[in-house]
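The values are calculated or read from the model by the stated rules, or taken from the named source; none is laboratory data. All values reported here derive from a predicted model rather than from experimental measurement. Please note: Cβ atoms are built from the backbone with ideal geometry, for glycine as well, and neighbour counts cover all protein chains shown.
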Amino acid sequence: MTLVPVEALIDGVVRTLTEAVLPDVGTRFARGQLYAAVDVLRNLRDRVEVKAELSEAEATSAAAALERVVATLPADSASGVAQALGGLPAAPAERAAALRAALVVALEVIDALPPDVGEGARAAIAEHLAGQAVRDLMVLKASLLTEISKG
């Protein structure tokens with residue numbers, strides 16, 4: 001038995017809805033609803049299962065940021081963050097989750113420090129979070145809002 005990848009299944013549903021169903025939809029409201037469903041499916045496509053490459057990119061960025069945090073903090077403050085970095089799982093999704101937890105530890109440590117002492121560490125985490133926001137947005141498909149509003 002061959003399993004169909006989730007992406008191929010969703011692509012097929014989207015293609016069927018837009019090529020076979022849409023031409024026979026008579027009302028503007030129904031077309032808008034159909035486009036809304038297609039929009040959701042297109043954006044769900046790459047989020048149904050965790051993509052290893054997305055988790056790996058997040059984990060790599062978070063690990064680099066946390067290493068910078070450890071390097072910029074005083075030794076007594078850095079030890080808690082360094083400990084949170086120990087024993088990370090090998091699987092990308094689990095590793096990314098563990099590094100997110102380590103980021104929380106780092107933020108708690110930094111929060112307890114005077115602003116000037118934690119400045120470099122804050123900057124490292126901010127850079128990671130900005131990059132992660134971009135990575136999260138890159139997987140979204142262009143909106144069908146224009147088609148939805150036209151019906």
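Please work out if Ser55 is in contact with a His (Cβ under 8 Å, 6 or more places away or on another chain), part of a helix (DSSP H, G or I) and not aliphatic (A, V, I, L, M). Spell out how you get there, then give the answer.
Details: in contact with a His (Cβ under 8 Å, 6 or more places away or on another chain): no; part of a helix (DSSP H, G or I): yes; not aliphatic (A, V, I, L, M): yes.
Against the criterion (in contact with a His (Cβ under 8 Å, 6 or more places away or on another chain), part of a helix (DSSP H, G or I) and not aliphatic (A, V, I, L, M)), Ser55 does not qualify.
Taking the listed residues Val134, Val104, Val109, the one that is in a helix (DSSP H, G or I), surrounded by 13 or more Cβ atoms within 10 Å (Cβ to Cβ) and outside the structural domain of Gly26 (by TED's automatic domain parsing) is Val109, with no other qualifying.
Listed by first and then second residue, the pairs linking a residue in segment 31-52 that is farther than 10 Å from Glu7 by Cα and assigned to a loop (DSSP other than H, G, I, E, B) to a residue that is small (Gly, Ala, Ser) and at pLDDT 90 or above, with Cβ atoms under 9 Å apart and 6 or more places separating them unless they lie on different chains, are Val50/Ala96.
When each of Leu85, Leu66 is tested for being modelled with pLDDT under 90 and closer than 16 Å to Leu107 by Cβ, the lone residue that passes is Leu85.
Within segment 62-70, not a single residue is exposed (fewer than 15 other Cβ atoms within 10 Å of the Cβ) and not in a helix (DSSP H, G or I).
Of a type outside the set (D, E, K, R) and on the phi > 0 side of the Ramachandran plot: does that describe Gly87? So that I can check it myself, show each step before the final result.
Numbers: of a type outside the set (D, E, K, R): yes; on the phi > 0 side of the Ramachandran plot: yes.
When the stated conditions are applied, Gly87 passes them.
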